[in-house]
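FYI, it's all coordinate maths here, none of it is from the lab. Computed from a predicted model, the values in this text were never measured in an experiment. Cβ atoms come from the backbone with ideal geometry, glycine included; neighbour counts cover every protein chain shown.
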Amino acid sequence: MSRTTVATIHLGALRHNLARIKALAAPAKVMAVVKADAYGHGLERVARALDAEAEAFAVAALGDGLRLRAAGHRQRIVVLSGPDQPGDIAEMQRLELEAAIHHEAQLAWLAEASPARGRLRAWLKVDSGMHRLGFPPGRVAEVHARLAAMPGVDPRIGLLTHFAESENFDGRATAAQIARFDEATRGLDGPRSLSNSAAVLGWPEARADWVRSGGLLYGLSVVEGRSGADFGFRPAMTLSTRLIAVNRVGKGERIGYNGTWQCPEDMPVGVAAIGYGDGYPRSAAAGTPVLVGDARVPLIGRVSMDLVTLDLRGAPRARVGDRVTLWGPELPVETIAAQAGTISYDLTCGMTRRVLFVED
Ligand code: PLP
């Protein structure tokens with residue numbers, strides 16, 4: 001394992017971000033979304049940092065709920081994709097995990113759940129327009145009644161939906177989803193949850209009883225063209241490595257695989273110990289910014305498995321061993337994601353096991 005490439009997780013930033021989401025969402029409560037290993041920041045680490053302040057966690061899979069309970073967390077935990085197979089139900093009852101119920105198949109499994117194991121808390125997921133998971137609006141009242149009558153289910157049924165494009169603050173799609181959800185759930189009892197991070201910022205009318213926030217918790221951008229910092233959030237991850245070579249390369253020579261970048265003059269070229277084998281995106285284009293010490297220099301040539309090459313003309317004093325920062329508070333991960341044709345979530349989720357994680 002490399003000890004050179006390090007992801008530093010800023011626990012203070014996580015706490016700051018949760019406090020800020022809570023302030024923005026109040027009086028709604030906040031589910032801290034820690035699915036996908038807490039967006040790549042480390043599930044147990046993030047949950048430990050937020051334990052005193054998080055009122056609930058949300059995960060994608062039962063296994064993540066199990067990890068949280070094993071680490072001693074007693075909060076409410078919602079499994080956003082619910083049980084995936086019949087055997088999950090008893091396990092969820094045992095661990096007191098809450099299930100998002102989105103499909104007829106799950107209703108059949110739940111109907112068999114024994115109340116002797118404890119009554120499972122269920123969130124009925126409404127498909128208000130994203131067409132990924134959920135019951136169509138026309139079925140919500142009937143499914144709600146069926147769930148509430150099941151002996152193994154807690155009769156306080158939650159009502160949940162997810163937005164497809166809440167980052168478009170003036171778009172019609174989210175307003176239409178809110179209206180469909182309201183219409184479908186009118187007159188039904190139970191806590192409601194609609195908003196993800198972007199909706200917390202842009203759709204105050206959708207805050208309801210619980211918001212589910214992931215991206216902002218990690219200080220990530222949830223609105224295209226804006227960074228988390230633009231809204232007062234702090235990045236929770238810094239990805240860094242070291243320069244392991246500084247070479248002089250002559251005018252006209254080509255750098256890296258397939259020689260995609262040609263030196264316009266004799267120049268210093270730095271080689272840093274990180275590549276797509278660590279999770280740095282192979283698609284990062286030449287020109288993607290990288291910090292060598294405090295100097296911002298462009299990436300040149302192709303990203304390889306273990307290495308990237310850098311134009312060091314802007315950092316003439318750079319030496320082997322110098323710290324290289326790929327993203328973090330001084331270099332928004334959104335900038336790198338844009339250069340790589342993806343989003344920040346994709347990058348933080350993509351760190352591989354070769355990267356050493358530390359906390360500060
Ligand atoms: N709720 C559901 C159902 C989700 O799938 C997600 C993430 O994809 C979230 C909430 C959190 O979204 P965000 O990270 O944008 O806050």
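Could you grab the relative contact order for the range 205-360? Cα pairs under 8 Å, six or more apart, rounded to a whole percent.
Reported relative contact order: 24 percent.
With runs of 4+ DSSP H residues as the only contributors, calculate the mean residue ellipticity of the chain at 222 nm using -39,500 (n - 2.57) per run, divided by the residue total and rounded to the nearest 500.
Details: 11 runs with 95 residues, N = 360.
Value at 222 nm, helices only: -7500 deg cm²/dmol.
To the nearest 20 debye, what is the magnitude of the charge dipole of the range 56-131 about its Cα centre, counting +1 on the Cβ of each Lys and Arg and -1 on the Cβ of each Asp and Glu?
400 debye
Report the Cα centroid-to-centroid distance between the range 306-360 and the range 165-183 in angstrom, as an integer.
35 Å
Among the lysines, select those whose C-alpha is under 17 Å from the C-alpha of Lys22, and discard any that sit fewer than 8 residues away in the same chain.
none
Using a simple charge model, +1 on the beta-carbon of Lys and Arg, -1 on the beta-carbon of Asp and Glu, nothing else, what dipole does the chain show about its Cα centre, in debye to the nearest 20?
The calculated dipole for the chain is roughly 580 debye.
Considering Cα pairs under 8 angstrom that are at least six residues apart, work out the relative contact order of the range 1-109 and quote it in whole percent.
Numbers: 139 pairs, mean separation 21.1, N = 109.
Rounded, it is 19 percent for the range 1-109.
Per 0.36 nm of contour for each residue apart, how much would the distance between His131 and Ala52 grow if the chain were fully extended, relative to their Cα-Cα spacing?
Length difference between fully extended and current span is 24.9 nm.
Describe numerically, in nm with one decimal, the distance between label points set 7 Å from Cα along Cα→Cβ at Glu44 and at Arg353.
Placing both labels 7 Å beyond Cα along the Cβ direction yields 1.5 nm.
Looking at Thr8, Pro329, Pro298, which one has the Cα that reaches farthest to the positive end of the dipole of the chain (charges on Cβ: Lys, Arg +1; Asp, Glu -1)?
It is Thr8, whose Cα lies furthest towards the positive end.
Using a/c under 1.5 as the rounded threshold, could you call the range 39-131 rounded, prolate or oblate? The axes a ≥ b ≥ c are square roots of the C-alpha gyration tensor eigenvalues, and prolate needs a/b larger than b/c, oblate otherwise. Display every interim value, and only then the final one.
Details: a/c = 2.18, a/b = 1.41, b/c = 1.55.
Cα axes put the range 39-131 in the oblate bin.
What does the charge dipole of the range 289-353 about its Cα centre add up to, to the nearest 20 debye, if the Cβ of each Lys and Arg holds +1 and the Cβ of each Asp and Glu holds -1?
Magnitude of the dipole: close to 240 debye.
Answer rounded, prolate or oblate for the range 61-180, using the Cα gyration tensor with square roots of eigenvalues a ≥ b ≥ c: rounded when a/c is under 1.5, else prolate when a/b is larger than b/c, else oblate.
oblate
Roughly what angle does helix 172-185 make with the longest principal axis of the chain, taking Cα atoms, 0 to 90 degrees, to the nearest 10?
The angle comes out at about 30 degrees.
Can you tell which of Leu307, Pro151, Leu95 lies farthest toward the positive end of the dipole of the chain, using +1 and -1 charges on the Cβ of basic and acidic side chains (Lys, Arg; Asp, Glu)?
The Cα lying farthest towards the positive end belongs to Leu307.
Which whole-number percent is the relative contact order of the chain (Cα, under 8 Å, 6+ apart)?
Numbers: 841 pairs, mean separation 65.8, N = 360.
It rounds to 18 percent for the chain.
Taking only Cα atoms, what is the 0 to 90° angle, nearest 10, from helix 11-25's long axis to the longest principal axis of the chain?
50 degrees
At 0.36 nm per residue, and after removing the present C-alpha to C-alpha distance, how many nm does the segment from Val320 to Arg248 gain when stretched out fully? Walk me through the numbers before you get to the answer.
Values: separation 72, 0.36 × 72 = 25.92 nm, distance 1.31 nm.
Full extension of this stretch gives 24.6 nm more.
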